[in-house]
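Asker: So that we are looking at the same thing, I have put the structure below in structure tokens.
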């Protein structure tokens, strides 16, 4: 080890500056909290929260603890993110492919969609859907049924609920199908490597995933019935739907705007990815006698995915972080429930904001670590 | 010469037959939808419901099928086939898009223009089914300037006009001046702009700070011409600030001002600022601040000193990992706890600091991408010429790296502009916030749609113009390697 003054001094200055700034902040925080009589600590998490949340995936009311309120918020954030990611991916892939279409109209239509939705602030879109578009929906008593079972009203979307009999059998059948598919894939690969024969894995997989659950209906005694929402009168002018699952308008507005907005970015990623695969690759693959399907599956997709996946994951992360805008329309997500209501009640600003930030940070960093690992795995192995 | 016609296989031999028949069917289908949507006439009303609905699609599909003849020799037909009619699937999609456009035009048009009300200045004129643009007209000042007093709004206007004039120097400067433009843009322009916007708009005693600033800037620029080129950089780094401080604390005493009976401008607290002008102010300052911070952290992340590198990585990953709304929450409720008790920072300034730090992390990552994309040879060549770290980065590395990342930086700035509405968290109301306030006004209930559409159009124009400008910039600075 050779120490050089030139190397040490800049680092020392930087570290000292950082330490000083943090020390200053901590010192002030301590004095301020002493003056205001607030004590620092995370003990409040187990206290009774005594506030209610209007939409929750787990059982929750005022008698539960603040920690449970945190969980409610986190689950709601995850719910909206997952739905948003699924819709955004489907839409984004369709639009991204459409932007490469030789059809002039489709191409321009997709371009219009992308340019339109990504140049308007997300918050404005959320407000638009929530305060303007969804407010134009009919009242529950005037709502017309969509396909006879869905009701889209100003109070939210009512969908039928599944009522399962012997759900576990159905669940196991799906797991069995997945395991069977994995086994068959491994077997098919081995057969191809040893004997050069190809087994139609895709068709077999599709068959399995349908047939096994179907068998569970026929043999395993699995039954399914729907509980259709029914209009119920609460008072002379107040109606509500009972039964089924009700999705609040906040959730609808949020998922709609999040997925429409993020889909534009995903579409651009998909387009860039497909365009990034050289034309020569396709031609070379065709010239060695691969069928168009094989070209797509074995040559184009693996290379395109290598370009598409990292930025798309970034967009997923953005969507998750953007879901915090829920606070603006009172969808009870992590920010609203925890950094909003709980903070107001306890006054523990530092603890609560730090927990909230730490949660998002953990989410982001774990996804980026996963992505780095994936990137390394699929990166071109250069010799 | 008539050969046998096979309607399942349109061919070139019966080109005219197919062309006329196909075009006729296609036009009929478009006409049907057109009449249906514009004049609510239903040509196919006699058919049963479902069929009547699908009729134009089927008709148009057959029509397009007939005219799909390859190498017909007619230029327009070939172009049409190539662009919208390559196969059955594309034909259906094209038809659907045409129909959707025709179908959606009348309601959009009638809402925006035909049934909309423009005149008057009360809610009573808005009786039609269309948009109520009167609402926007009446609330225009609030949407543009927030709660800023009407009598003082010329200050905002003047500031922005002055800013645009100063900003456009770059376009009209001669080559002789262009040498100094970088310096101007990086040091002087932000300083003047800051004084102009912040002190001029807030007014009050600080108005004089603004005038000192202008005087200092002008004096130092004039003196600057007599300074040898070697010292110019240091000169512009030190002298304007020194002049400003001298003017403020040593020459123009407050009594002096009172003697001259100079009245300051009225103080307008930042809570009253708002509307679109606040969007611009916040975007502008965050843009100015986040760029140098981001650049510093990008360099820090690629530094050879491990401690600096770790600190930079920590900073960047922290800000990138959290949503902006929590950062603003932090600046609103947590940050005051970290300051000495008698020390107060205005909430607008706090918001600007928070957004700047947040966006700086994104800028840092973008610039790092540019730095990584440069070939090693550039670094080695610069070092072999005997350049030190700073000289190498300022003259060789950064100019090239920044050129490479223009699109990325433009995207970050676009994200910044689109993120400004979030400042509602700290209680500042820019245009979206003002809209939310206006729509709860009891006199003007029920016009949320108009407001949001109006704001959406404004934001769309700003963002689209920015993205087009960045594209032009990218093309302009493109260098072949």
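Asker: Any residue at all in the range B:375-393 that's at pLDDT 85 or above, closer than 29 Å to residue B:414 by Cα and in a helix (DSSP H, G or I)?
Answerer: Within the range B:375-393 (the criterion being at pLDDT 85 or above, closer than 29 Å to residue B:414 by Cα and in a helix (DSSP H, G or I)), the answer is yes, since at least one residue qualifies.
Asker: I would also like to ask the following. Exactly one condition in (1) at pLDDT 80 or above; (2) over 30 Å from residue A:113 (Cα atoms) is not met by residue B:45; state its number.
Answerer: It fails just one condition, (1).
Asker: Residues being closer than 30 Å to residue B:300 by Cβ and not in a helix (DSSP H, G or I): count how many of those fall in the range B:394-450. So that I can check it myself, show each step before the final result.
Answerer: Of the residues in the range B:394-450, the ones closer than 30 Å to residue B:300 by Cβ are B:394-420, B:422-423, B:425-426.
Now restrict to residues that are not in a helix (DSSP H, G or I): B:405.
Number of matching residues: 1.
Asker: Could you list, in sequence order, all residues of the range A:321-342 that are crowded, with 21+ Cβ neighbours inside 10 Å and within 22 Å of residue A:38 (Cβ to Cβ)?
Answerer: A:335, A:337, A:338, A:339, A:342
Asker: From the set of residues in the range A:332-362 that are assigned to a helix (DSSP H, G or I), in contact (Cβ under 8 Å) with a residue 24 or more places away in the chain and under 20 Å from residue A:26 (Cβ atoms), which is nearest to the other protein chains (Cβ to nearest Cβ)?
Answerer: The first filter runs over the range A:332-362 and keeps only residues assigned to a helix (DSSP H, G or I), leaving A:334-346, A:349-362.
Still in the list and also in contact (Cβ under 8 Å) with a residue 24 or more places away in the chain: A:334-338, A:341-342, A:345-346, A:350-351, A:355, A:359-360.
Now drop any that are not under 20 Å from residue A:26 (Cβ atoms), which leaves A:350-351, A:355.
Details: A:350: 6, A:351: 10, A:355: 10 Å.
So the residue we want is A:350.
Asker: Answer yes or no as to whether residue A:182 is loosely packed, with under 13 Cβ neighbours inside 10 Å and in contact with a strand residue (DSSP E or B) (Cβ under 6 Å, 6 or more places away or on another chain).
Answerer: Details: loosely packed, with under 13 Cβ neighbours inside 10 Å: yes; in contact with a strand residue (DSSP E or B) (Cβ under 6 Å, 6 or more places away or on another chain): no.
When the stated conditions are applied, residue A:182 does not pass them.
Asker: Ok, one more. When the residues of the range A:34-69 are narrowed to those that are in contact (Cβ under 8 Å) with a residue 12 or more places away in the chain and within 14 Å of another protein chain (Cβ to nearest Cβ), which ends up surrounded by the most Cβ atoms within 10 Å (Cβ to Cβ)? Please lay out each step first, then the result.
Answerer: From the range A:34-69, those in contact (Cβ under 8 Å) with a residue 12 or more places away in the chain are A:38, A:40-42, A:44-51, A:53-58, A:60, A:62-69; that's our starting set.
Keeping just the survivors that are within 14 Å of another protein chain (Cβ to nearest Cβ) gives A:38, A:40.
Numbers: A:38: 17, A:40: 11.
Out of the qualifying residues, it is A:38.
Residues are listed down the side, and each one gets a yes or a no for (1) at pLDDT 85 or above; (2) surrounded by 13 or more Cβ atoms within 10 Å (Cβ to Cβ); (3) within 24 Å of residue B:437 (Cα to Cα); (4) assigned by TED's automatic domain parsing to the domain that holds residue B:38:
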residue: B:88; (1), (2), (3), (4): no, no, no, yes
residue: B:105; (1), (2), (3), (4): yes, yes, no, yes
residue: B:110; (1), (2), (3), (4): yes, yes, no, yes
residue: B:144; (1), (2), (3), (4): yes, yes, yes, no
residue: B:153; (1), (2), (3), (4): no, yes, yes, no
residue: B:159; (1), (2), (3), (4): no, yes, no, no
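Asker: Please tell me if residue B:398 is within 10 Å of chain A (Cβ to nearest Cβ), buried (at least 18 other Cβ atoms within 10 Å of the Cβ) and at pLDDT 85 or above.
Answerer: Numbers: within 10 Å of chain A (Cβ to nearest Cβ): no; buried (at least 18 other Cβ atoms within 10 Å of the Cβ): yes; at pLDDT 85 or above: yes.
Here the answer is no, as residue B:398 does not meet what is asked.
Asker: Within the range A:274-288, is there a residue that is touching a residue at least 40 places away in the same chain (Cβ under 8 Å) and in a helix (DSSP H, G or I)? Working first, answer last.
Answerer: Kept after step one, since they are touching a residue at least 40 places away in the same chain (Cβ under 8 Å), are these residues of the range A:274-288: A:274-275.
Now restrict to residues that are in a helix (DSSP H, G or I): A:274-275.
Taking every residue of the range A:274-288 in turn, at least one turns out to be touching a residue at least 40 places away in the same chain (Cβ under 8 Å) and in a helix (DSSP H, G or I).
Asker: Continuing with this model, one more query. Residues of the range B:75-92 being assigned to a loop (DSSP other than H, G, I, E, B) and under 13 Å from residue A:105 (Cα atoms), which ones? Before you say what the answer is, go through the steps one by one.
Answerer: Of the residues in the range B:75-92, the ones assigned to a loop (DSSP other than H, G, I, E, B) are B:85-87.
Within the range B:75-92, B:85, B:86 qualify.
Asker: Output the helices (runs of 4 or more DSSP H) that fall wholly within the range B:236-323 and possess 1 or more residues being within 14 Å of another protein chain (Cβ to nearest Cβ) and at pLDDT 90 or above, or say none. Can you show your working first?
Answerer: Details: elements: B:254-259, B:275-301, B:306-321.
By residue number, B:275-301, B:306-321.
Asker: Would you pick out the residues in the range A:95-114 that are in contact (Cβ under 8 Å) with a residue 24 or more places away in the chain, surrounded by fewer than 20 Cβ atoms within 10 Å (Cβ to Cβ) and within 29 Å of residue B:455 (Cα to Cα)?
Answerer: Selection gives A:113 alone.
Asker: Quick check on my filter: what residues within the range A:100-144 are over 27 Å from residue B:130 (Cβ atoms) and either assigned to a helix (DSSP H, G or I) or touching a strand residue (DSSP E or B) at 6+ places or on another chain (Cβ under 6 Å) (or both)?
Answerer: Initial filter on the range A:100-144 (over 27 Å from residue B:130 (Cβ atoms)): A:100-108, A:110-111, A:114, A:118, A:122, A:140-141.
Scanning the range A:100-144 gives A:104, A:105, A:106, A:107, A:108, A:110, A:111, A:114, A:118, A:122, A:140, A:141.
Asker: Considering only the range B:127-150, how many residues are touching a helix residue (DSSP H, G or I) at 6+ places or on another chain (Cβ under 6 Å) and more than 30 Å from residue B:268 (Cα to Cα)?
Answerer: Filtering the range B:127-150 down to residues touching a helix residue (DSSP H, G or I) at 6+ places or on another chain (Cβ under 6 Å) leaves B:130-132, B:134-136, B:139, B:142-148.
Okay, now just the ones that are also more than 30 Å from residue B:268 (Cα to Cα), so B:130-132.
Qualifying residue count for the region: 3.
Asker: I'm told residue B:186 meets every condition in (1) exposed (fewer than 12 other Cβ atoms within 10 Å of the Cβ); (2) at pLDDT below 75 except one. Can you identify the failing condition by its number?
Answerer: The number of the failed condition is (1).
Asker: Among the residues of the range B:413-440, which ones are free of Cβ contacts under 8 Å to residues at least 60 places away in the same chain and either within 8 Å of chain A (Cβ to nearest Cβ) or within 13 Å of the chain's Cα centre (by Cα) (or both)?
Answerer: Within the range B:413-440, B:414, B:415, B:418, B:424, B:432, B:436, B:439 qualify.
Asker: Taking the stated definitions as given, is residue A:17 facing chain B (nearest Cβ under 7 Å) and surrounded by 10 or more Cβ atoms within 10 Å (Cβ to Cβ)? Spell out the reasoning first.
Answerer: Numbers: facing chain B (nearest Cβ under 7 Å): no; surrounded by 10 or more Cβ atoms within 10 Å (Cβ to Cβ): yes.
So residue A:17 fails the test.
Asker: Say whether the condition of being touching a residue at least 12 places away in the same chain (Cβ under 8 Å) and within 29 Å of residue B:274 (Cβ to Cβ) is met by at least one residue in the range B:369-384.
Answerer: Looking through the range B:369-384, none of the residues is touching a residue at least 12 places away in the same chain (Cβ under 8 Å) and within 29 Å of residue B:274 (Cβ to Cβ).
Asker: Can you work out which of the residues in the range B:441-453 that are crowded, with 20+ Cβ neighbours inside 10 Å and under 13 Å from residue B:431 (Cβ atoms) is nearest to the other protein chains (Cβ to nearest Cβ)?
Answerer: B:452
The values are calculated or read from the model by the stated rules, or taken from the named source; none is laboratory data. Bear in mind that the values here come from a model prediction, so they are computed numbers and not experimental data. As a convention, Cβ positions derive from the backbone with ideal geometry for all residues, glycine included, and neighbour counts pool all protein chains shown.
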